Amino acid sequence: MSGARRAGTAGAAGLAALALTSVLAGGCVSYSGSSLPAKVRSWATSTSLVANNDTLVDDVARARLALIRGTAIELRTVCSGFEADIGTAYGTLPSPSPVLTYTFNQADEAFFKAAALCANAASLKGAGVRRALGDMEAGERELWRAAGELAGFGFRWVPHR
């Protein structure tokens, strides 16, 4: 198994374990509001949820630009920053809703796998880069799913780009 694959697998497993811990600890976290929708809205507005997740969308766009008109070094640089940004976005979890926490975690896991693959890319045309693009798309789909779930709680956010 390559170092990138080991790092991606270990990182994704670590995120999954942290997410489970976060969901289980969610009962200990205090959110303002008397109903679940009120608590979710409070959580979403009191954290940097929107800015952090919009940064992930921007990172994916920068990685795609590096693939179109950049070099492998540029892609690795963008994806190394992407890894750090995923950790920052992950720090907003858990949400008051275990379902919402799970969806954001799924996005973070897909993004982390993508970032680990492309941060170690030897070229722009390798199989790892193709897999990374697929993982980026999966992460974006999960962010859109999370945006829909947030709307169900009365908080409107659209992943920008």
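Computed from the coordinates by the stated procedures, all read-outs in this text should not be read as laboratory data. Note that the structure is a prediction, hence the values are computed from the model and not measured. With ideal geometry, Cβ positions are generated from the backbone for all residues, glycine too; neighbour counts draw on all protein chains shown.
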Gain in span if fully extended, Arg130 to Arg145, counting 0.36 nm per residue against the direct Cα distance: 3.1 nm
Under the Debye formula (equal points on every Cα, no solvent term), log10 I(q)/I(0) of segment 77-161 at q = 0.11, 0.18, 0.20 Å⁻¹: -0.32, -0.75, -0.88
Extended-chain gain in nm, criterion 0.36 nm per residue less alpha-carbon gap, Thr88 and Leu65: 6.0 nm
Förster radius 25 Å - calculated FRET efficiency between Glu74 and Ala51, Cβ distance, rounded to 0.05: 0.55
Segment 40-126 shape via C-alpha gyration tensor axes, a/c threshold 1.5: prolate
Extension gain, Ser35 back to Ala122 (0.36 nm per residue minus Cα-Cα distance, nm): 26.3 nm
Order by protection proxy (mean Cβ within 10 Å, highest first), peptides 103-114, 31-42: 103-114, 31-42
